[in-house]
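The values are calculated or read from the model by the stated rules, or taken from the named source; none is laboratory data. All figures in this text were calculated on a predicted structure; none of them were measured in a lab. Note that we place each Cβ from the backbone using ideal geometry, even for glycine, and neighbour counts take in every protein chain shown. Quick note on the areas: whole protein, heavy atoms, side chains included, nothing else; ligands and nucleic acids left out. Shrake-Rupley method; radii C 1.70, N 1.55, O 1.52, S 1.80 Å.
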Amino acid sequence: MTAPPAVRRDRSAVSGGRSGSLAWLVVPALLVFVVFAVVPLFGVLYLSFTRWNGISTDIQLDGLNAWKAVLADPQLPHSLLVTFEIMALSWVAQTPLSVLLGVFLAGSQRYRGVLAVVFFIPLLLSSAAIAITWKALLDPNFGLGAGLGVPLLQQDWLGREGLAVAVVVFIVSWQYVPFHTLIYQGGVRQIPRSMYEAAELDGAGRVRQFFSITLPQLKYTIITSSTLMVVGSLTFFDLIFVLTAGGPGDATRVLALDMYKRGFMANLMGPASVIAVILVLVGLLLALVLRRLGGTDPNESMLEGA
Amino acid sequence: MATTATHTVSEHGARPVAGGTGRVARLARWNWLGGLSGWIWLVVVMLPIYWIVISSFKSQSNFFATKPLAPPQEWSLAAYRLVIDSDFARYFVNSVAVTIGAVIPAVVISFMAAFAIVRGGNGLFLRFSNGLFLMGLAIPLQAVIIPIYLIIIRMRMYDTLTGMILPSIAFAIPLSVLVLSNFIRDVPRELFESMRLDGCTEWGTMWRLAFPLTRPALVTVSIYNALQVWNNFLLPLILTQNPTKRTLPLALFEYQGQYGVNVPAILASVVLTTLPVLIFYAVGRRQLLAGLTAGFSK
């Protein structure tokens, strides 16, 4: 463990005003991060003012044309609407369930351990695998409903507009409820026991305890979880791409998918970059709004954006 | 999904948390609603998984003939054989290579950066770097995929595994630095001090003191990143065209198109791609769940 004594003097000398000496350790991470995350962030803004087909090496400045084209296109409000619809519905579907399950799983009965093992499996699967599974399962001709012969289950789940959105929301919940349950479970375990004891002495019932202690105490957990849900929902690309490819029609064409279709299918990288910039802005805006809602939380500095 | 971050340290047994479980158990006794939804949700989660597994062992004709929820009359490996004959091994190797190739460098350089941020004093450069990494948590990969595509083409790395590895590393860095620096910050100052008095350089202190003490966080972060990289679909979709460079999630998507109505084969491919993660889950469930909420632990 010990280094040669010669070094000792150096170190104590440096220790006083040392600071720059370690800075180089950041450089490798900084370099990769700047090249593949920061530069692209500015790059996408730049590309939104250009014309490029994604194939040739010819990228021309094009002024505001891409912006004008996208903002005038009725596809944009539609994509925004679908994005917010899926965002809102998946929040409504997931939050109460996750709170409930989180509180439940924070308990210690043994069978919960067994339950938990299976419970978290969806977190491990890729969105592509999940989408493929559900697509096969919901297939009106070869899926589970057809096999069981129950007409109600035999609908063309992904072929009808309203249903397709509902199915996306359901599958999103299937995938992410375990994750948010985990967050709430952690939140519940941090609530001081004494609060419940005091409430019990005051004669508060269990339901009352839940609403007067558990929920208010979970405030920051709710904000964290909601931020992740809301901001995360902007990036449901893989799932929807594999499941419906934005269909039927444009019923599930969320922003991320709209970007992909314009850029990599229609070869219009300019307009696609415009959508990407909008995606970033919407995400930042939502994160800021949710932060405001929550006031200041000592933990929050480390949660931002995520 | 994007990420992570909460107060679930107790779950991973890193630190005890006030309260313990006695109170919660009492709280939960009345919670029949939670219990009920717990079991219902369990069925909702189990059903598709059960269905994938049994169906993947049916022969194609058997699949249409038997009841969907009944186990196969005769277990058939035909679907698995078909998947394995469709270059599965190659995609698997690609996925392993990309995952290992991204996670190890990402964690090592993030650890070095985190160490510098915690131990390097209050210099402008380090504070700026830290701020930049924090901001990075808010950048979604999708939103910057077009410039990444352009950069990868210009670097002549289109259709290479390296082309997928580099952006994967970049997007693993923010959260890794965050979690690791929080962890290094918890190492008692006196330990650093005694290392210094022993004449150890900062470089030596980093590897011989901070690295071993940070091991739980390193494992957690590695697992989290590995899962993200393993399951990534967008990078291979955008950055490869050559089938020999595909990773598993994209291969799955292609299998699905290729097998058409051969449902057992499609499902077998899903099982095969997920199996490594499930085996991992069986071995280290705690670590893995800890990894999933990595950013949240204080």
Checklist entry - Among the residues of the stretch A:198-213, is there at least one that is touching a His at 6+ places or on another chain (Cβ under 7 Å) and either on the phi > 0 side of the Ramachandran plot or not polar (S, T, N, Q) (or both)? => result no
Checklist entry - With respect to the numbered conditions (1) over 30 Å from B:Ala172 (Cβ atoms); (2) touching a helix residue (DSSP H, G or I) at 6+ places or on another chain (Cβ under 9 Å); (3) at pLDDT 85 or above; (4) not small (Gly, Ala, Ser), which one is the sole condition not fulfilled by B:Ile40? => result (2)
Item to check | Single match in A:Gln217, A:Gln185 (criterion: within 30 Å of A:Ala128 (Cα to Cα) and open to solvent by 10 Å² or more (accessible area, probe 1.4 Å)) | outcome: A:Gln185
Next on the checklist: Tally up the residues in the stretch A:135-156 that are under 25 Å from the mean Cα position of the chain (by Cα) and at the interface with another protein chain (Cβ under 7 Å from one of its Cβ atoms), please.
Outcome noted: 2
Checklist entry - List pairs: first in the stretch A:99-122 and assigned to a loop (DSSP other than H, G, I, E, B), second at pLDDT 70 or above and of a type in the set (S, T, N, Q), Cβ under 9 Å, 6+ apart or cross-chain? => result A:Ala106/A:Gln185; A:Phe120/A:Thr181
Item to check | From B:Met164, B:Met195, B:Met206, residue being closer than 30 Å to B:Gln287 by Cα, touching a Pro at 6+ places or on another chain (Cβ under 8 Å) and assigned to a helix (DSSP H, G or I) | outcome: B:Met164
Checklist entry - Of these, B:Leu137, B:Leu150, which one is farther than 30 Å from B:Glu254 by Cβ and assigned by TED's automatic domain parsing to the domain that holds B:Ala226? => result B:Leu137
Checklist outcome for this item: Residue hits (the stretch B:66-87; assigned to a helix (DSSP H, G or I), open to solvent by less than 40 Å² (accessible area, probe 1.4 Å) and more than 14 Å from chain A (Cβ to nearest Cβ)) are B:Tyr80, B:Ser86
Item to check | Of all residues making up the stretch B:199-255, the number that are touching a residue at least 12 places away in the same chain (Cβ under 8 Å), over 22 Å from the mean Cα position of the chain (by Cα) and open to solvent by 10 Å² or more (accessible area, probe 1.4 Å) | outcome: 8
Checklist outcome for this item: Within the stretch A:22-57, residues being in contact with a strand residue (DSSP E or B) (Cβ under 7 Å, 6 or more places away or on another chain) and either in a loop (DSSP other than H, G, I, E, B) or facing another protein chain (nearest Cβ under 8 Å) (or both) number 1
Checklist entry - Among B:Phe115, B:Phe111, B:Phe63, which is the only one that is assigned to a helix (DSSP H, G or I), buried (at least 20 other Cβ atoms within 10 Å of the Cβ) and not assigned by TED's automatic domain parsing to the domain that holds B:Val229? => result B:Phe63
Checklist entry - So which residues in the stretch A:250-273 are among the polar types (S, T, N, Q) and within 14 Å of A:Ile55 (Cα to Cα)? => result A:Asn267
Checklist entry - So which of B:Phe125, B:Phe171 is open to solvent by 30 Å² or more (accessible area, probe 1.4 Å), over 19 Å from the mean Cα position of the chain (by Cα) and facing chain A (nearest Cβ under 7 Å)? => result B:Phe125
Checklist outcome for this item: Of all helices (runs of 4 or more DSSP H) fully inside the stretch A:187-265, the set with 3 or more residues that are more than 23 Å from A:Thr95 (Cα to Cα) and facing chain B (nearest Cβ under 10 Å) is A:193-201, A:255-260
